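The values are calculated or read from the model by the stated rules, or taken from the named source; none is laboratory data. Owing to the predicted nature of the structure, the values given are computational and were not obtained by experimental measurement. Positions of Cβ are backbone-derived with ideal geometry, glycine not excepted, and every protein chain shown enters the neighbour counts.
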Amino acid sequence: MVKQTSRSLDLTFSALSDPTRREILGRLTQQDLMVTEIAEPFEMSLPAVSKHLRVLERAGLIARSREGRVHRLRFDPKPLGEAMTWIAEHKLYWEEQFDLLERYLKKTTHEEETDGT
């Protein structure tokens, strides 16, 4: 189970690491689009856009439906929810670590002041 979650997070973060893929996702949060509609604003070939779409599909961030020869893509937020949960858990850990550090620094500063150092 841990490996699957780790694999899923790896795919999500990898997919989000590219600005083109983030822009594609942003457009798909507004509406479902055909592949050609997704490709329109980008100055790259349709095969290059298709590679980005495959990365997003593999991460589970988009889903494809076919209506004859027309491929429609939609945004699937589930992997982002999993990533947000992971980030929130790690944020809590680091906040606790920074709180401990702050208390330590206050204590040592106070001890130095009272020792006259």
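Can you find a residue that is farther than 21 Å from Ser6 by Cα, under 19 Å from the mean Cα position of the chain (by Cα) and modelled with pLDDT of 90 or more anywhere in region 75-87?
Initial filter on region 75-87 (farther than 21 Å from Ser6 by Cα): 75.
Now restrict to residues that are under 19 Å from the mean Cα position of the chain (by Cα): 75.
With modelled with pLDDT of 90 or more added as a condition, the list becomes 75.
Within region 75-87 (the criterion being farther than 21 Å from Ser6 by Cα, under 19 Å from the mean Cα position of the chain (by Cα) and modelled with pLDDT of 90 or more), the answer is yes, since at least one residue qualifies.
Take the conditions (1) in contact (Cβ under 8 Å) with a residue 12 or more places away in the chain; (2) in contact with a Ser or Thr (Cβ under 9 Å, 6 or more places away or on another chain); (3) under 19 Å from Val70 (Cβ atoms); (4) not basic (Lys, Arg); Leu33 misses just one of them, which is (2).
Run down His52, His110 and say which single residue is under 21 Å from Ser8 (Cα atoms) and either part of a helix (DSSP H, G or I) or touching a Phe, Trp or Tyr at 6+ places or on another chain (Cβ under 8 Å) (or both). Lay out the reasoning, then the answer.
Values: His110 fails: under 21 Å from Ser8 (Cα atoms).
The conditions single out His52.
Within region 23-45, the set of residues being in a helix (DSSP H, G or I) and surrounded by 13 or more Cβ atoms within 10 Å (Cβ to Cβ) comprises Glu23, Ile24, Leu25, Arg27, Leu28, Val35, Glu37, Ile38, Ala39. Residue count for region 56-107, restricted to those that are assigned to a helix (DSSP H, G or I) and either farther than 13 Å from Ser8 by Cα or not aromatic (Phe, Trp, Tyr) (or both): 32.
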